[in-house]
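Below is one structure, written out as structure tokens; comments come after it.
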Amino acid sequence: MSKRSRNSPRSEATPIHDSPANSFRKWRTVASIASIVLVVLLAYSNTFWVPFTFDDDQAIVSNITIRDLTNWKMVLWAPPRGGTTTDGRPLLNLSLALNYALHGFDLPGYHATNLALHLANAMLIWGILLEAFQSRFLPLRIRTLGPQISYSTAILWAVHPLLTIAVTYVIQRAEVMMATFYLAAIYCFLRGAHAAKPRPWYVATASLCVIGQGTKEVMVTAPFALVLIDVALVAGSWSAMFRERRFWHVANFVAIPVAFTLIVRQGGRGGTVGTEHPSDRLAYLVLQSESIVNYLKLCYWPSPLIFDYGTVIPPLSASQLPAFIAVASLAMLAVIYFWRQPIVGLLGVLFFLILGPTSSLVPVTTQVTAEHRMYLPLALVLTGSVVALAWALIRFAPLVEDARQQNAVVLNRLRWITAGLTVVLVTLTFFRNTHYRSDFALWQDTALKVPTNLRACRMFGMVLMELGAKEAAIHIFDVAIDSPLATDAYCARSEMLLTAGDFDLAAKDARSALKIDPNCHLALNLLGGLAFKQNDNEAALEFFDRALSYEPKNATYLRNRGGALIHLDRLLEARENYETALAIAPVDPESHFALAMLDLREGRLAMARQGLQQTLYYNANHPGALQSLPDVEKQIILSKNRGP
């Protein structure tokens, strides 16, 4: 550069950052941010008082590890609590502990945190796409429309009703927080790729990959995603990626042993992931193909949205073949396109990569299909859809000599389409959130949409029983009873009736289950529970023994048998049952409580106190333990004061 150009009056008087065009861009950016915030607040304005529900109870309300923020070991490194959502996820637990320290169990704070994270994710998606559309491997016309495509994708994603379960259901903060770290890592990586001094950005990327493992296990795919993004958007080839940034990618993969440590320590999600039967893995994989087809449909037509899909992995059938072939073909095409032309196949391979940990060969037994898994993949689907829409608008735009004028027409149409879709999605999201206003509304909606979901039927039935609508509660199981799930349906309804105190109808349903399947251990256990509640302990013991003959390692049956033995004054046998139950399920609060009560009865005060403390660790609101522990503490103090 010449001396004249460096010292020109224009460059001194009018710095580029003060130019009218730059000022306009700044205001447009501010207006865009404000619009995203506004529509998200509108869509979720009715969620701040949504009550805790379902897994919120174990993970938040009954979670003793979040109640003392000063005890950082308990908050960040507590022993597993039986596969609750917070197990092995220290950052998630920390966020809940911060909420509790600030406002206890007041609902608005928890929902505000979820919403703030969701808004941050929308901004990160916007920022990532702005960086991505600078790639030289994209067509020039698409790069020109990049800012509008980025904004359209971000705002449509932010208000899409498919994401309500992740944002409104408090404990699904796990999904939202994981996405925050995942997206932040991608954003930092792309900024580093375009920066003159990339090292701070790459260090931040590696740090986010490692720290983010404390949110949810899906985060383990982030280092792989960064490699794919590098190949497609930055380097353009595997060899260039390896040559230019191999050190930083290796640094990102340090996250893998961190994730492995967390998973091993928590015992594989506390038994909520995996199966003992290899055939179930294949059945689960095939079921996921149907789930993915449903997820993709919900991206474009978000109805019906279902809170809980249940736990049943159906046996393999020919009816599943079309979905399996379709999804397998999509996955194969994504890989082939990525191998041949990475920029084309990127969205597809990222979609299957992110869904991989929960939607492949490793069954998630607590919920075989879950809409919250689409929290991040939805952004990929929308990005591809908006790019396709923009390309179509370019192809069908009026032919004019001035390319800038044609771009202006395309941009204007894309903005109007975005605005219209945003209004529709905000309305749908607001309406969907009304189903979360109470357990009655949520479980009614779920049970009516999936009448064979026995968990939903039981939950809705319990709500109806509390409202005095016993007949309605009974009939909610009718569809399931007329299905191949009849045995389990009778047992589920029997359990509901037993809990509500209607012993006669509960016994009738349990015996109906036994007529269908004489070896139904669930029904035998229920009949044992009925006999126990009616003080017929000999009959109860007989039923529990029969149930255990089919399921000898069932901790619940062993604990129930111990209760019957207590009433028959066979204390030594009862203790053996309780101890065996705890050896099988050491995180069961009821077994700890039962053994603690036996210790108290036998005068073992120190052991009783320890057992009650263990009970409260696994269920901080256990009524029996809360009532008994102060009395045991007093007895211990009195015994010490009396001396030997």
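Below is a table of values for the structure above.
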| item | result |
| --- | --- |
| Cβ-Cβ under 6 Å pairs, at least 6 apart or on other chains, the stretch 492-512 side polar (S, T, N, Q), far side open to solvent by less than 30 Å² (accessible area, probe 1.4 Å) and at pLDDT 95 or above | S494/A506; S494/D509; S494/A510; S494/L526 |
| Residue within the stretch 363-372 that is among the β-branched types (V, I, T), buried (at least 20 other Cβ atoms within 10 Å of the Cβ), within 22 Å of the chain's Cα centre (by Cα) and part of a helix (DSSP H, G or I) present | no |
| Near pairs, Cβ below 9 angstrom, 6+ apart or cross-chain, from the stretch 203-230 (open to solvent by 30 Å² or more (accessible area, probe 1.4 Å)) to any residue that is not in a helix (DSSP H, G or I) | V210/V254; E217/G88; E217/R89; E217/V273; E217/P357; E217/T358; V220/P357; F224/F253 |
| Test: Y284 is aromatic (F, W, Y), in contact with a helix residue (DSSP H, G or I) (Cβ under 8 Å, 6 or more places away or on another chain), open to solvent by less than 40 Å² (accessible area, probe 1.4 Å) and in the same structural domain as T369 (by the TED database) | no |
| Residue within the stretch 340-360 that is over 27 Å from L130 (Cα atoms) and in contact with a strand residue (DSSP E or B) (Cβ under 8 Å, 6 or more places away or on another chain) present | yes |
| Residue that is modelled with pLDDT of 95 or more and within 22 Å of L163 (Cβ to Cβ), where the choices are A326, A379 | A379 |
| Test for L117: is it modelled with pLDDT of 95 or more, open to solvent by less than 60 Å² (accessible area, probe 1.4 Å) and either within 30 Å of Q444 (Cα to Cα) or part of a loop (DSSP other than H, G, I, E, B) (or both) | yes |
| The lone exception for F137 - which of (1) more than 18 Å from N412 (Cβ to Cβ); (2) in a helix (DSSP H, G or I); (3) open to solvent by 10 Å² or more (accessible area, probe 1.4 Å) it fails | (2) |
| Matching residues, the stretch 419-451, being of a type in the set (S, T, N, Q) and over 17 Å from P302 (Cβ atoms) | S438, Q444 |
| Some residue of the stretch 461-479 being part of a helix (DSSP H, G or I), among the aromatic types (F, W, Y) and either surrounded by 14 or more Cβ atoms within 10 Å (Cβ to Cβ) or outside the structural domain of H160 (by the TED database) (or both) | no |
| Single residue of the stretch 43-70 satisfying the filter (hydroxyl-bearing (S, T, Y) and surrounded by fewer than 15 Cβ atoms within 10 Å (Cβ to Cβ)) that is modelled with the lowest pLDDT | T70 |
| Residue within the stretch 308-322 that is under 24 Å from V450 (Cα atoms), in a loop (DSSP other than H, G, I, E, B) and at pLDDT 95 or above present | yes |
| Odd one out for W27, checked against (1) in a helix (DSSP H, G or I); (2) of a type outside the set (D, E, K, R); (3) under 23 Å from A456 (Cα atoms) | (3) |
| Number of positions in the stretch 611-636 that are open to solvent by 30 Å² or more (accessible area, probe 1.4 Å) and either assigned to a loop (DSSP other than H, G, I, E, B) or over 20 Å from P586 (Cβ atoms) (or both) | 10 |
| Hits in the stretch 144-197 - residues which are open to solvent by 20 Å² or more (accessible area, probe 1.4 Å), among the aliphatic types (A, V, I, L, M) and not in a helix (DSSP H, G or I) | A195, A196 |
| Residue tally, condition open to solvent by less than 20 Å² (accessible area, probe 1.4 Å) and touching a residue at least 40 places away in the same chain (Cβ under 8 Å), over the stretch 96-114 | 4 |
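Each row is one residue, and each column tells you yes or no for (1) of a type in the set (D, E, K, R); (2) within 27 Å of F105 (Cβ to Cβ); (3) in contact with a His (Cβ under 9 Å, 6 or more places away or on another chain).
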| residue | (1), (2), (3) |
| --- | --- |
| R570 | yes, no, no |
| E573 | yes, no, no |
| A581 | no, no, no |
| I584 | no, no, no |
| Q627 | no, yes, no |
| Q635 | no, no, no |
| S639 | no, no, no |
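Let's see how each residue does on (1) in a loop (DSSP other than H, G, I, E, B); (2) touching a Lys or Arg at 6+ places or on another chain (Cβ under 9 Å); (3) open to solvent by 70 Å² or more (accessible area, probe 1.4 Å):
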site: A507; (1), (2), (3): no, no, no
site: R511; (1), (2), (3): no, no, yes
site: L522; (1), (2), (3): no, no, yes
site: G529; (1), (2), (3): no, no, no
site: E542; (1), (2), (3): no, no, yes
site: D545; (1), (2), (3): no, yes, no
site: D569; (1), (2), (3): yes, no, yes
site: R575; (1), (2), (3): no, no, no
site: F593; (1), (2), (3): no, no, no
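The values are calculated or read from the model by the stated rules, or taken from the named source; none is laboratory data. As the structure is a computational prediction, the values presented were derived from the model and not from experiment. For neighbour counting, all protein chains shown are included, and Cβ atoms are generated from backbone atoms with ideal geometry for every residue, glycine included. The protein model used for the area step is the full one, side chains on, heavy atoms only, and it has no ligands, DNA or RNA in it. Shrake-Rupley method; radii C 1.70, N 1.55, O 1.52, S 1.80 Å.
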